[in-house]
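Below: one structure, written as structure tokens.
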Amino acid sequence: MLDLIEEFFDELHSTLKRLQRRKLQGDCLPALIRAHLKLHRELPRHFRLVERDSGCLNPDQQLRVGQLRERYEQQLVQLLGTPTGLGPQAQRAAAHALANLLNSAPSWFSEQPLAEREREALLENLLSGAIERLLGGVPVRSAVA
């Protein structure tokens, strides 16, 4: 199981490296989202394995998976930039949330009878809106009184 999880993170790392090289050519967010959706189509079991079953690994293996995940999250922040106005711990939490969004979003519409183009368009719009908002630091009025 650890081999499959490592393979999954290797694919994610390779994808982010390719996007980092192309970053100078313009906005990389749409390419990042499309790349994650493509990986999800190509490796759906790997995504599920990482999200659901990595807790079944022994402690040393779980530590390794945690390191791979942290490296991936750091690469995401290097590619997209850091959210404005956040301290270091909040930035790490935001990177973790970005990774979770990108990796879990493809399952959001799995039960919906959508054509693949519609599904991809919805996911791209939802993800880009959420990520742009987070990275732009657009203030949100608190609902907590």
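Does any residue of the stretch 110-124 turn out to be surrounded by 19 or more Cβ atoms within 10 Å (Cβ to Cβ), in contact (Cβ under 8 Å) with a residue 40 or more places away in the chain and either farther than 16 Å from LEU79 by Cα or in contact with a His (Cβ under 6 Å, 6 or more places away or on another chain) (or both)?
Within the stretch 110-124 (the criterion being surrounded by 19 or more Cβ atoms within 10 Å (Cβ to Cβ), in contact (Cβ under 8 Å) with a residue 40 or more places away in the chain and either farther than 16 Å from LEU79 by Cα or in contact with a His (Cβ under 6 Å, 6 or more places away or on another chain) (or both)), the answer is yes, since at least one residue qualifies.
What number of residues in the stretch 71-102 are aliphatic (A, V, I, L, M) and without any contact (Cβ under 8 Å) to a residue 40 or more places away in the chain?
8
Identify, from the list HIS13, HIS36, HIS40, the residue that is touching a Pro at 6+ places or on another chain (Cβ under 7 Å) and under 25 Å from LEU134 (Cα atoms).
HIS40
Check SER54 against each of (1) hydroxyl-bearing (Ser, Thr, Tyr); (2) under 27 Å from ARG133 (Cα atoms); (3) at pLDDT below 90 and name the one condition it does not meet.
Failing condition for SER54: (2).
The values are calculated or read from the model by the stated rules, or taken from the named source; none is laboratory data. Just so it is clear, the model here is predicted, and its values are computed rather than measured. No Cβ is skipped: glycine too gets one built from the backbone with ideal geometry, and neighbour counts run over all protein chains shown.
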